[in-house]
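Read the structure below first, then the notes.
The values are calculated or read from the model by the stated rules, or taken from the named source; none is laboratory data. Computed from a predicted model, the values in this text were never measured in an experiment. Virtual Cβ from ideal backbone geometry, glycine too; neighbours counted across all protein chains shown.
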C-alpha cells in the first residue's frame with residue numbers, strides 16, 4: 001500500500017465560498033506526492049488526483065488570467 005492510501009485527506013475550500021454547501025471545489029494538499037480535488041456537492045464521488053507540480057502550474061495559470 002502506498003503512502004497516499006494510508007493518509008486521510010484534509011479537505012479545504014475557499015473562504016469566500018461560504019457554508020451553503022454547494023458549487024465549491026474542495027482541495028486536499030496533505031497527501032504526499034498528490035493534490036486531491038473534489039466537488040463539495042458530491043464528497044463521496046470521484047476525486048481528481050494531480051501532482052503538486054501540475055497543481056502549481058494550474059494555480060499559476062489562473063493567477064495570470066489564463
Item to check | the stretch 13-40: number of residues that are loosely packed, with under 12 Cβ neighbours inside 10 Å and either in a helix (DSSP H, G or I) or out of contact with any helix residue (DSSP H, G or I) (no Cβ under 6 Å at 6 or more places or on another chain) (or both) | outcome: 10
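Of the residues in the stretch 30-46, how many are in contact (Cβ under 8 Å) with a residue 24 or more places away in the chain and either within 13 Å of residue 7 (Cβ to Cβ) or under 11 Å from the mean Cα position of the chain (by Cα) (or both)?
Initial filter on the stretch 30-46 (in contact (Cβ under 8 Å) with a residue 24 or more places away in the chain): 31-34, 36, 38, 40, 43.
From what is left, the residues that are either within 13 Å of residue 7 (Cβ to Cβ) or under 11 Å from the mean Cα position of the chain (by Cα) (or both) are 31-34, 36, 38, 40.
Count: 7.
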Checklist entry - Say we look at the stretch 50-66 and pick out the residues that are at pLDDT 95 or above and touching a strand residue (DSSP E or B) at 6+ places or on another chain (Cβ under 8 Å); which of these is farthest from residue 9 (Cα to Cα)? => result 54
